[in-house]
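The values are calculated or read from the model by the stated rules, or taken from the named source; none is laboratory data. It should be emphasised that the depicted structure is a prediction, and the values quoted were computed from it without experimental measurement. Backbone-built Cβ (ideal geometry, glycine too); neighbour counts: all protein chains shown. Just the protein is used for accessible areas: all its heavy atoms, side chains included, with ligands, DNA and RNA removed. Shrake-Rupley method; radii C 1.70, N 1.55, O 1.52, S 1.80 Å.
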Amino acid sequence: MTNPPAPHSPSSTELDHSAEVLGIGGHLAPETDQQSYRKRMQRRQDVQRQRVEERDKEKGLILVFTGHGKGKTTAALGLALRTLGHGERVAVVQFIKGSWQPGEAKALKVFGDALSWHAFGEGFTWTTQDRERDQQLVSKAWQQALIYLHSNNHKLVVLDEVNVAMKLGYLKVEEVLGGITERPPLTHVALTGRGAPKELIERADLVTEMTLVHHPFKEQGVKAQAGIEF
């Protein structure tokens, strides 16, 4: 007598498909009565539970925030705030920026030694007007970044505007990829700025591209305002 076949365990792809088919509920669901709607959401909850249980890996992530839209640095610093809130240490190294003190740097001072913040830039290229000086500052910022990337003391390292430094030719893509590869296994690194190179995008675990739809400076002549731009 042969044993019955073992019950089929759905694959990750099948679970993802089921979640998509079941949807997120609300008035997007086709059911019109509460009982049928609850059954759909119970199935969706069970699928989600299986998806979460199956995905149990932990690793240090490469997170890229790029694109022409606003919010790249804000997104990375949101991660910094979240990480600090969990009692972990964070390092922020700013490339290009540095000629002014942003509101985030002032606000995050409350975390004391848990946050290390370095701003090496002296402004935009049209402000500095000195490529050699810009190159020196980017090199200095990268050396500081490597100290944190090689250390086990920080859960998250933010390399703000490093994509722009690479785009301007002040930093080689291969150099950055090598540096972030050498970090400890559970250290996250966030890289921000327009024009992220394709090599970095291919290596990253998460890539978010900010899309510009409207901008008050270009469309309305509204100046940069405290709390919004800096």
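Stretched out straight at 0.36 nm per residue, the stretch from Ser139 to Glu202 would grow longer than its current Cα-Cα span by 20.3 nm.
Using a probe of 1.4 angstrom, how much of the accessible area of the range 52-92 is carbon and sulfur, in percent? About 53 percent, which is the carbon plus sulfur part of the accessible surface. Using only Cα atoms, tell me the angle between helix 72-85 and the longest principal axis of the chain; keep it within 0 to 90° and round to the nearest 10. The angle comes out near 70 degrees. Short-range pairs are left out: with C-alpha atoms under 8 Å and at least six residues apart, the relative contact order of the chain is 27 percent.
Cα gyration tensor of the chain, axes a ≥ b ≥ c as square roots of the eigenvalues: rounded (a/c below 1.5), prolate (a/b > b/c) or oblate? Display every interim value, and only then the final one.
Working: a/c = 2.37, a/b = 1.75, b/c = 1.35.
It is prolate, given that a/c is not under 1.5 and a/b is the larger ratio.
Think of the chain as having a plus end and a minus end, set by charges on the Cβ of Lys, Arg, Asp and Glu; of His215, Ala19, Leu63, His215 sits farthest toward the positive end of this dipole. Taking the accessible area of the range 100-200, probe 1.4 Å, and keeping the other protein chains in place, the carbon and sulfur fraction comes to 53%.
Axis of helix 131-149 versus longest Cα principal axis of the chain: the two differ by about 40°, to the nearest ten degrees.
Which whole-number value in Å² is the accessible area per residue of the range 119-230, probe 1.4 Å? Don't skip to the end; give the middle numbers.
Details: 6650 Å² over 112 residues.
Roughly 59 Å² per residue, with all protein chains present.
For the residue pairs Lys57/Lys172; Lys97/Lys218; Lys57/Lys140; Lys106/Lys140; Lys167/Lys218, alpha carbon separations beyond 28 Å are given by Lys57/Lys172; Lys57/Lys140. Each peptide among 60-67, 76-83 gets the average number of other Cβ atoms lying within 10 Å of its residues, and from highest to lowest they stand as 60-67, 76-83.
Only helices enter the 222 nm calculation for the chain: every DSSP H run of n ≥ 4 contributes -39,500 (n - 2.57), and dividing by all residues gives -13000 deg cm²/dmol, rounded to 500.
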